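The values are calculated or read from the model by the stated rules, or taken from the named source; none is laboratory data. Not measured: the values here are computed from a predicted model. Cβ placement follows ideal geometry from the backbone for every residue including glycine, while neighbour counts extend to all protein chains displayed. Each accessible area value is taken on the protein alone, full model and side chains, heavy atoms only, with ligands, DNA and RNA left out. Shrake-Rupley method; radii C 1.70, N 1.55, O 1.52, S 1.80 Å.
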Amino acid sequence: MSRDKIDIKDVTPKTFNPKTHKTKGDRFNPSNRIYVRESKGVFQKLRRYGGWFLLVMFAMVPWIPYGERQAILLDIGNQQFNFFGTTLYPQDLTLLALLFMIAAFGLFFLTTFLGRVWCGYLCPQTVWTFMYIWFEEKLEGSANKRRKQDSGKLTTNIAMRKAIKHLAWWGIALATGFTFVGYFAPVKELVVDFFSFNASFWPVFWVLFFAGCTYANAGWMRSIVCIHMCPYARFQSAMFDKDTFIVGYNAKRGETRGPRSRKADPKALGLGDCIDCDLCVQVCPTGIDIRDGLQYECINCGACIDACDNTMERMGYEKGLISYTTEHRLSGKHTKVARPKLLGYGAVLLVMIGLFFVQVASVDPVGLSVLRDRSQLFRVNGSGEIENTYTLKIINKTQQQQQYRLDVEGLNDVSWYGNQTVKVEPGEVLSFPLSLGVKPDNLSSPVSTIQFILSDSEDFSIAVESRFIKKL
């Protein structure tokens, strides 16, 4: 009997460089500290300006006033979620579900099209990490200087610089904690009570908790969060395809890599455009070598692109050795932007956005709920009427006091025992009992379907169905 041989494919990376390639043990070692070198260029300006814009928005929004309160206040204790002139209640949390679905499909669409640009430009972990690194560079020096200082003897000067750095880090962390908690509690009262030692336990706890998380994540953990803790890095491969724009190294142009003088002809030396300066590795916040190919640790921040472009410019070579590209483009094939998966994500995203705005437009300015008295389904009162008791809850979702009128449909010659006109304060949940009485001769069936009608002075009305019971 003949035996067929199994073909073996050599998958060893052609661009492997033992000087820059990180071993598996190195890459997944949380104690391997990365000294990120500063990178300047177009993409770093875009990332920096975008990060500052988001930071300013995050910090300023809780301080925007609207009437007698702040414009955005997610008051969990009172179950009121205020967005300028709109107040949402737990009954409206389908809007929150739709918002999360929009965010999810927006992320899927963006990832399929442009890879992990969310991680590189918009993710809070990246924004705060680069901000902390900026303070590190200003107070302790460049990456090489910091590495040398940390490996040497701790002097008084270095200790003072590190102390100031950590104070700055804690200042940013506390500001972050105050701001985040300020979305859920009145921020002005929170700051005053905190520093006057009048704040209760839980606000203080959450401010310090989020401050500690910010300090640990952006100051110490950094790439550990991206590599070991963030689930997005793990499932992104399900959205990637060979037409997804990623940060890629053009091995055909760059290899064989090697140092040379500016005046030397690389072709005469048998070299590619990569001069093996390792700057792409030194500026990478996750410490990878992009020349080893696509890696899930890459956050598409473009730092290596700017570093490489600067080197190519100094050498007199064409830029773009490392660039935002696709696997198809790197292999010399055509990149298809409009493809079924991307269009599918886009279509679902548009549908979700449409549903969200329809839902927002259909939010009623008032809520009404009706609860029958279950301890006594019905009784006969002194007038000989069959009487049913209900508890009504009215939620005023507007920012002004409202007066409402209550009526009932589905019963003939009904007697109303209780208030038919009520005033409800802004954001108030008014709960009150009432009873309906009907002569037995006016009831044609043991159980009648009725509707409570609530209306205001602006001809707005809302109806809630209930039951009137004559007998079992």
Matching residues in segment 392-406 - criterion: being open to solvent by less than 50 Å² (accessible area, probe 1.4 Å) and either over 25 Å from Gln79 (Cα atoms) or in a strand (DSSP E or B) (or both): Leu392, Ile394, Ile395, Asn396, Gln402, Tyr404, Leu406
Contacts under 9 angstrom Cβ, first residue in segment 416-438 being open to solvent by 60 Å² or more (accessible area, probe 1.4 Å) and in a strand (DSSP E or B), partner charged (D, E, K, R) and modelled with pLDDT under 90, 6 or more apart: Pro433/Asp373
Residue that is farthest from Asp92 (Cα to Cα) [pool: residues in segment 337-352 that are in contact (Cβ under 8 Å) with a residue 60 or more places away in the chain, open to solvent by less than 60 Å² (accessible area, probe 1.4 Å) and of a type outside the set (Ser, Thr, Tyr)]: Arg339
Number of the exception - Tyr296 against (1) free of Cβ contacts under 8 Å to residues at least 40 places away in the same chain; (2) hydroxyl-bearing (Ser, Thr, Tyr); (3) part of a loop (DSSP other than H, G, I, E, B): (1)
Residue tally, condition free of Cβ contacts under 8 Å to residues at least 40 places away in the same chain, of a type in the set (A, V, I, L, M, F, W, C) and crowded, with 18+ Cβ neighbours inside 10 Å, over segment 192-212: 4
Some residue of segment 271-293 being open to solvent by 10 Å² or more (accessible area, probe 1.4 Å), in contact with a strand residue (DSSP E or B) (Cβ under 8 Å, 6 or more places away or on another chain) and on the phi > 0 side of the Ramachandran plot: yes
Val366 being in contact with a Leu (Cβ under 8 Å, 6 or more places away or on another chain) and farther than 30 Å from Pro446 by Cα: yes
Looking only at segment 180-227, and only at residues there that are of a type in the set (S, T, N, Q) and under 30 Å from Cys298 (Cβ atoms), the one that is farthest from the chain's Cα centre (by Cα): Ser223
Residue tally, condition in contact with a helix residue (DSSP H, G or I) (Cβ under 7 Å, 6 or more places away or on another chain), in a loop (DSSP other than H, G, I, E, B) and closer than 20 Å to Asn310 by Cα, over segment 214-265: 2
Test: Glu189 is of a type in the set (Asp, Glu) and open to solvent by 70 Å² or more (accessible area, probe 1.4 Å): yes
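Condition (residue is on the phi > 0 side of the Ramachandran plot and open to solvent by less than 20 Å² (accessible area, probe 1.4 Å)) applied to segment 302-318: is it met by at least one residue?
Yes, segment 302-318 contains at least one residue that is on the phi > 0 side of the Ramachandran plot and open to solvent by less than 20 Å² (accessible area, probe 1.4 Å).
Conditions (1) within 30 Å of Lys263 (Cα to Cα); (2) part of a helix (DSSP H, G or I); (3) touching a Pro at 6+ places or on another chain (Cβ under 9 Å), marked per residue:
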{"site": "Glu318", "(1), (2), (3)": "yes, no, no"}
{"site": "Tyr324", "(1), (2), (3)": "yes, no, no"}
{"site": "Lys333", "(1), (2), (3)": "no, no, no"}
{"site": "Val351", "(1), (2), (3)": "no, yes, no"}
Residue within segment 156-176 that is open to solvent by less than 50 Å² (accessible area, probe 1.4 Å), more than 30 Å from Gly77 (Cα to Cα), among the β-branched types (Val, Ile, Thr) and in contact (Cβ under 8 Å) with a residue 12 or more places away in the chain present: yes
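Can you pull out the residues in segment 353-364 that are part of a helix (DSSP H, G or I), touching a helix residue (DSSP H, G or I) at 6+ places or on another chain (Cβ under 9 Å) and open to solvent by less than 50 Å² (accessible area, probe 1.4 Å)? Full working, then the answer.
The initial filter retains those residues of segment 353-364 that are part of a helix (DSSP H, G or I), namely 353-361.
Checking the rest, the ones that are also touching a helix residue (DSSP H, G or I) at 6+ places or on another chain (Cβ under 9 Å) come to 353, 355-356, 359-360.
Of everything in segment 353-364, just one residue is part of a helix (DSSP H, G or I), touching a helix residue (DSSP H, G or I) at 6+ places or on another chain (Cβ under 9 Å) and open to solvent by less than 50 Å² (accessible area, probe 1.4 Å), namely Phe356.
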Extreme residue, surrounded by the fewest Cβ atoms within 10 Å (Cβ to Cβ), among residues of segment 237-266 that are polar (S, T, N, Q) and in contact (Cβ under 8 Å) with a residue 12 or more places away in the chain: Ser237
Residue in segment 126-136 that is more than 19 Å from Cys226 (Cα to Cα), open to solvent by less than 60 Å² (accessible area, probe 1.4 Å) and modelled with pLDDT of 90 or more present: yes
